[in-house]
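Let me begin by presenting the structure, written as structure tokens, before commenting on it.
The values are calculated or read from the model by the stated rules, or taken from the named source; none is laboratory data. Everything numeric here is computed off the predicted structure, so don't read it as measured data. We place every Cβ from the backbone using ideal geometry, glycine too, and count neighbours over all the protein chains shown. The accessibility values were calculated without ligands, DNA or RNA, using every heavy atom of the protein model including side chains. Shrake-Rupley method; radii C 1.70, N 1.55, O 1.52, S 1.80 Å.
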Amino acid sequence: MSPLSRRRRLFLKTGAVAASLLASRATLAAAAPAQAAVTWKNWSDSAHCTARALAAPADEAAIAALLRASGGAVRCVGAGHSFTPLVPTFGTIVSLDRLSGLRSHDKAAMSATLQGGTRLSQVSRQLDGAGLALRNLPDIDMQSLAGAISTATHGTGAALPALHADVIGMRIVSPQGDLIDWQQERHADQMAAARVSLGSLGVITELTMRVVPAHSLQRKVWLKPLEEMLQQAPELARTHRHFEFYYLPFTGYAAAITHDAYAGSDILMPPSQDEDMLRDLRQLRDWLGKFPSLRRWSAARLIDADLTEHATNRSFRLLSNVRPTRFNETECHVPREVGIACVRDVIRTLERRNDVFFPLEFRFVKADDAWLSPFYQRDSCSIAVHAAHGEAYDYLTSEIGPVFRKYGGRPHWGKLHNFSATELAALYPRWKDFQALRQQMDPHGRMLNPHLRALFGVPA
């Protein structure tokens, strides 16, 4: 391998995104009847349980029948990619995998109706076949649509909100087994609650979303010294449709990634070398972790700061990626005006530990009006920190968490955090309104598990 090839690895897009969302590691039932007790764990091994049963109903009628007939707690699972224990229950786990696909689309209204269990990758392919696309996408697209919406999953773009902001209609099977059909124009409050609900209002079976015409993007990736990147980030976010950067720990460099509209139809997709890059960063850590100055010196000589990568393709082919490396992650969203100050503080805190090597991710997200959205009524910057699978990750909450709190951060619901119910109530202006609606819809707490009871302050 040439020195140039080796250096090139170190500036490619990485980090928070360096993982493929493997499907839930539980064996999901292929038939509708619930199976016997099953051991389940998420893809990063940070959450697990032994549930009484696991069911994979094929339609709304089967879900309603299950909720009417079963006793105890019920939790839904899509891809099982959340790091927080949103799924684990001693009751019944309901897989949404069989409720999948594009139901209909309306080009005049620019809307599409999809089943809740549809993976985002499938959503994008089927919409593209109809000449449509989602307005934005997260970096990884193996999540189920219902799961992504319920946890406020987002991409990046200063003028682009998270996925749930484009939901204009929703069908839910209530905890009592009743079918509820909410539309934005008639049920504004209910929709504001249901767009980000952590699966606590019922089983989401169908979503109607605003869509945009299918389109292509052009991507540019380049390196800058960290301080230059921090100074230029607000302007880069303002002038590009999508902008994000990844800081490479103990190198002094950050990788900028932009995506902008592209009118051409040609495809340019350089082979990804991200996994090689991650191995290089890990090796630098393993060899020189006890000598941070030497580690920085070595990284500076491996990195070719003049190299730039370009790509053009359909939007969903560029915005989302498939990656095999697993990790554990924390992520918080802070007010945009303190985003740069917060990430500086996070980097200082992170580099007090010589064992880190995974890149840090920094993104921009537009405000929305969902009651439990971390972006509720405030434009935000999103900061994500990662630890390699199989390595210690408790510092993500014990050391990075206090920095996020210092800047008013709201946690990503699917990423590791230890915010209390009291803290969350102070961070979300409509917290009590959401809890009142949740209590009304689920008075016996059937859709809760221990994690949600702790988050919501509901006694066991």
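Pairs are defined by a Cβ separation below 6 Å, a sequence spacing of at least 6 or placement on different chains, a first member in region 177-204 that is on the phi < 0 side of the Ramachandran plot and buried (at least 21 other Cβ atoms within 10 Å of the Cβ), and a second member that is of a type in the set (A, V, I, L, M) and assigned to a loop (DSSP other than H, G, I, E, B); the pairs so defined are ALA192/ALA370; ALA194/LEU201; ARG195/ALA370; VAL196/ALA152; VAL196/ALA370; VAL196/LEU372; SER200/MET447.
Residue count for region 273-312 under the criterion of being among the hydroxyl-bearing types (Ser, Thr, Tyr), surrounded by fewer than 14 Cβ atoms within 10 Å (Cβ to Cβ) and touching a strand residue (DSSP E or B) at 6+ places or on another chain (Cβ under 8 Å): the result is 1.
All conditions in (1) under 27 Å from ASP141 (Cβ atoms); (2) open to solvent by 10 Å² or more (accessible area, probe 1.4 Å); (3) of a type outside the set (A, V, I, L, M, F, W, C); (4) touching a residue at least 24 places away in the same chain (Cβ under 8 Å) hold for SER315, with the sole exception of (2).
In the set (1) closer than 28 Å to ILE340 by Cβ; (2) in contact with a Leu (Cβ under 8 Å, 6 or more places away or on another chain); (3) surrounded by fewer than 19 Cβ atoms within 10 Å (Cβ to Cβ), the condition left unmet by VAL458 is number (1).
Does ARG295 count as farther than 23 Å from VAL365 by Cβ and in contact with a Ser or Thr (Cβ under 9 Å, 6 or more places away or on another chain)? It is true that ARG295 is farther than 23 Å from VAL365 by Cβ and in contact with a Ser or Thr (Cβ under 9 Å, 6 or more places away or on another chain). I want to confirm something. Restricting to region 318-345 and keeping residues that are of a type outside the set (Gly, Ala, Ser), open to solvent by 30 Å² or more (accessible area, probe 1.4 Å) and more than 20 Å from LEU120 (Cβ to Cβ), which single residue is nearest to the chain's Cα centre (by Cα)? Only one residue tops the list, namely ARG336. When VAL356 is tested against (1) in contact with a His (Cβ under 9 Å, 6 or more places away or on another chain); (2) within 24 Å of LEU319 (Cβ to Cβ), exactly one condition is not met: (2). Tell me which residues, restricted to region 431-452, are buried (at least 19 other Cβ atoms within 10 Å of the Cβ) and either among the basic types (Lys, Arg) or touching a Gly at 6+ places or on another chain (Cβ under 7 Å) (or both). Within region 431-452, ARG438, MET441, ARG446, MET447 meet the criteria. Within region 362-421, the set of residues being of a type in the set (Gly, Ala, Ser), in contact with an Asp or Glu (Cβ under 8 Å, 6 or more places away or on another chain) and farther than 25 Å from ALA146 by Cβ comprises ALA387, ALA392. Considering region 351-460, the qualifying helices (runs of 4 or more DSSP H), each wholly inside and each with 2 or more residues that are of a type in the set (Val, Ile, Thr) and farther than 17 Å from SER82 by Cα, run over 400-406. The criterion of at least 1 residues that are under 28 Å from the mean Cα position of the chain (by Cα) and closer than 29 Å to ASP355 by Cα is met by the following helices (runs of 4 or more DSSP H) wholly inside region 214-310: 226-239, 274-288. For region 311-326, a residue qualifies if it is touching a Gly at 6+ places or on another chain (Cβ under 9 Å), modelled with pLDDT of 95 or more and either farther than 28 Å from LEU132 by Cβ or outside any strand (DSSP E or B) (or both), and exactly one does: LEU319.
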